[in-house]
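Here's the structure we're looking at; comments come further down.
The values are calculated or read from the model by the stated rules, or taken from the named source; none is laboratory data. This one's a predicted model, so the numbers in the text were calculated from it and none came from an experiment. Backbone-built Cβ (ideal geometry, glycine too); neighbour counts: all protein chains shown.
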Amino acid sequence: MTNEEFLNLQNRLKQTLKPRRFIHTLGVIKSAEQMARHFNIDNEKARVAALLHDCAKNYANEKMLDIARAAKLPLDEITLAEPQLLHGPVGAVVARQIYGIKDEAILSAIAYHTTGRENMQPLEKIIYLADFIEPGRHYPGVESLREACKENDLDEACLMAFSNTINYINAIGGLIHPRTINARNALILKKKYQPLKGEKYRESGK
């Protein structure tokens, strides 16, 4: 995608987003590009995924549910109770159908930027994290997360972000999507509980 094509895409998106959401999007682009350079990840894919990550954010809940059903996206009890969690997966559908994005890595990064998932690819991790640390974000712990994103361990930064999310949602009595819990657990298992070579994880007592 040429720079002119990117700017045209950006202008199209701007017409659909509230001003505050568009400013947030520009911040995510900036953070995603910085991280892409730091971790040697395709910069073009990073900025396109960042640009479109919230392309469905301003959709009404019923519209997101309609798109999700038409696209046969999985709907669980958590997303039915909190349809805004669908703005990532629905955003991937919109990015493909309306904005003409065909790259599966970009679409996947858009789809999972809210909940994360197990075995995230580097581009997915960057977009997930950029959404948390963009310059317009102000919340307890954001500076520590920004510093973690400057290190050389994407998994550690994601683990911090997952934990922050889970702690916050717990504090307000909200629903935590299983993908977020599973993503965090998978990283902990990967980093701290790797089995001996040739062995598999076993349930306690078996």
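Here is how the numbers come out for the structure above:
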| item | result |
| --- | --- |
| Selection within segment 27-62 - under 21 Å from Leu175 (Cβ atoms), surrounded by fewer than 20 Cβ atoms within 10 Å (Cβ to Cβ) and not acidic (Asp, Glu) | Lys57, Ala60, Asn61 |
| Extreme residue, farthest from Gln84 (Cα to Cα), among residues of segment 16-62 that are aromatic (Phe, Trp, Tyr) and in a loop (DSSP other than H, G, I, E, B) | Phe39 |
| Number of positions in segment 120-154 that are in contact (Cβ under 8 Å) with a residue 60 or more places away in the chain, of a type in the set (Gly, Ala, Ser) and assigned to a helix (DSSP H, G or I) | 1 |
| Residue in segment 69-80 that is outside any loop (DSSP other than H, G, I, E, B), touching a residue at least 40 places away in the same chain (Cβ under 8 Å) and under 15 Å from the mean Cα position of the chain (by Cα) present | no |
| Count of segment 100-144 residues which are among the hydrophobic types (A, V, I, L, M, F, W, C), at pLDDT 95 or above and farther than 21 Å from Asn43 by Cβ | 0 |
| Residues located in segment 120-173, provided they are among the aromatic types (Phe, Trp, Tyr) and more than 15 Å from Lys30 (Cα to Cα) | Tyr139, Phe162, Tyr168 |
| Set Ala56, Ala50, Ala60: member being of a type in the set (Gly, Ala, Ser) and closer than 17 Å to Asp103 by Cβ | Ala50 |
| Positions within segment 81-108 being among the basic types (Lys, Arg) and either surrounded by 23 or more Cβ atoms within 10 Å (Cβ to Cβ) or assigned to a helix (DSSP H, G or I) (or both), in sequence order | Arg96 |
| Qualifying positions in segment 109-119 - within 20 Å of Thr25 (Cα to Cα) and either touching a residue at least 24 places away in the same chain (Cβ under 8 Å) or surrounded by fewer than 19 Cβ atoms within 10 Å (Cβ to Cβ) (or both) | Ala109, Ile110, Tyr112, His113, Thr114, Thr115, Gly116 |
| Some residue of segment 192-203 being at pLDDT 95 or above and part of a loop (DSSP other than H, G, I, E, B) | no |
| Odd one out for Ala60 among (1) small (Gly, Ala, Ser); (2) under 27 Å from Leu187 (Cβ atoms); (3) modelled with pLDDT of 95 or more | (2) |
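Condition check ((1) out of contact with any helix residue (DSSP H, G or I) (no Cβ under 7 Å at 6 or more places or on another chain); (2) modelled with pLDDT of 95 or more; (3) not acidic (Asp, Glu)) across all residues:
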residue: Asn3; (1), (2), (3): yes, no, yes
residue: Lys14; (1), (2), (3): no, yes, yes
residue: Ile23; (1), (2), (3): yes, yes, yes
residue: Ala32; (1), (2), (3): no, yes, yes
residue: Phe39; (1), (2), (3): no, yes, yes
residue: Ala46; (1), (2), (3): no, yes, yes
residue: Ala49; (1), (2), (3): no, yes, yes
